[in-house]
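The values are calculated or read from the model by the stated rules, or taken from the named source; none is laboratory data. Predicted, not measured: the structure shown is a model, and the values here were computed from it. Cβ atoms come from the backbone with ideal geometry, glycine included; neighbour counts cover every protein chain shown. Side chains are part of the model used for accessible areas, which takes the heavy atoms of the whole protein and leaves out ligands, DNA and RNA. Shrake-Rupley method; radii C 1.70, N 1.55, O 1.52, S 1.80 Å.
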Amino acid sequence: MEERLQKLLSAAGVCSRRTAETYLIAGRVTVNGQTAHLGQRADPDRDEILVDGRPLAPRAEAVYILLNKPRGYVSTLSDERGRRTVAELVADCGSRVYPVGRLDLDTEGLLLITNDGDLAHRLLSPKKHVDKVYYAQVDGILNQEDCEAFHCGVTLADGYTCLPAGLELLEGGRAALVTVREGKYHQVKRMLAARGKPVTYLKRLSMGSLRLDDTLAPGEFRLLTAAEEAQLQR
């Protein structure tokens, strides 16, 4: 069955769909001896698909990993600046996998890592609005006005107005649970900065149906249970 090349490369564990687009633009993919183009479709059972001159591997068995990301690691497979990556933390998982979305260098917590490009695409799609919950400590005191602003949609410094979000005050307003439905760059930090309460500590606790529990120390990971996989697929 024909599918878009981005999807085929992702399903084979070569890279994410987004990275696959850069491979295609750079001319690193060929189909039946011809340089492939962005948006092209192919049938892996009928067509010869090569990446950098090497045959595309069969569709990889799906792997789903929940990582408790520590501070000091970037959420990429490699880093041109030589910083530590989350790929190093899951290097012995037995499969080529990549993170679903990103956490900032200084942000801790739940990070889903997988080779299932279809699932990653669905979870990151702006149309899905998957809830993500963070624990944030701030410089300042959050109050009810901040809660109402989050409920209405915070306007960031660049003029973008976020979708309505949740803000549950903790520790006398010095911390909060923040629930967002988008994945904008540095979104939680930018939302709280817009309210004059910059973030001093940030940790993601959940993403959709996935929850970070106390069994994983920072830097540790585990495979998802069958029940967790089923919930994600729904």
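The test for being touching a Lys or Arg at 6+ places or on another chain (Cβ under 9 Å) and at pLDDT 90 or above does not hold for Gln34.
Of all residues in the range 159-170, those satisfying the criterion of being closer than 22 Å to Gly101 by Cα and part of a loop (DSSP other than H, G, I, E, B) are Tyr160, Cys162, Leu163, Pro164, Ala165.
Selection of first residues in the range 44-64 that are acidic (Asp, Glu) and of second residues that are modelled with pLDDT of 90 or more and open to solvent by 30 Å² or more (accessible area, probe 1.4 Å), restricted to Cβ pairs under 7 Å at least 6 apart or on distinct chains, gives the following pairs, ordered by first then second residue: Asp47/Asn32; Glu48/Asn32; Asp52/Arg28. The number of residues in the range 61-80 being touching a Pro at 6+ places or on another chain (Cβ under 6 Å) and under 13 Å from Asp116 (Cα atoms) comes to 0. For the range 83-140, which positions are touching a Lys or Arg at 6+ places or on another chain (Cβ under 7 Å), of a type in the set (Lys, Arg) and closer than 24 Å to Glu61 by Cβ? Once the filter is applied, which keeps residues that are touching a Lys or Arg at 6+ places or on another chain (Cβ under 7 Å), of a type in the set (Lys, Arg) and closer than 24 Å to Glu61 by Cβ, the range 83-140 yields only Arg122. Of the candidates Val188, Val178, the single residue that is touching a residue at least 12 places away in the same chain (Cβ under 8 Å), closer than 18 Å to Arg102 by Cβ and in a helix (DSSP H, G or I) is Val188.
Taken over the range 191-234, residues that are in a loop (DSSP other than H, G, I, E, B), open to solvent by 40 Å² or more (accessible area, probe 1.4 Å) and either among the aromatic types (Phe, Trp, Tyr) or in contact with a strand residue (DSSP E or B) (Cβ under 7 Å, 6 or more places away or on another chain) (or both) amount to 4.
Annotation note: Cβ proximity below 7 Å between a residue of the range 117-130 that is farther than 17 Å from Leu8 by Cβ and of a type in the set (A, V, I, L, M) and a residue that is assigned to a helix (DSSP H, G or I) and modelled with pLDDT under 80 (sequence gap 6+ or interchain) occurs for no pair.
Residue-wise test of (1) at pLDDT 95 or above; (2) assigned to a loop (DSSP other than H, G, I, E, B); (3) surrounded by fewer than 15 Cβ atoms within 10 Å (Cβ to Cβ); (4) at negative phi.
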| position | (1), (2), (3), (4) |
| --- | --- |
| Asp106 | yes, yes, yes, yes |
| Ala120 | no, no, no, yes |
| Lys127 | no, yes, yes, yes |
| Glu145 | yes, no, yes, yes |
| Gly172 | yes, no, yes, no |
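Taking the criterion of being touching a residue at least 24 places away in the same chain (Cβ under 8 Å) and farther than 17 Å from Leu205 by Cα, the residues of the range 87-111 that qualify are Leu89, Val90, Cys93, Gly94, Ser95, Arg96, Val97, Tyr98.
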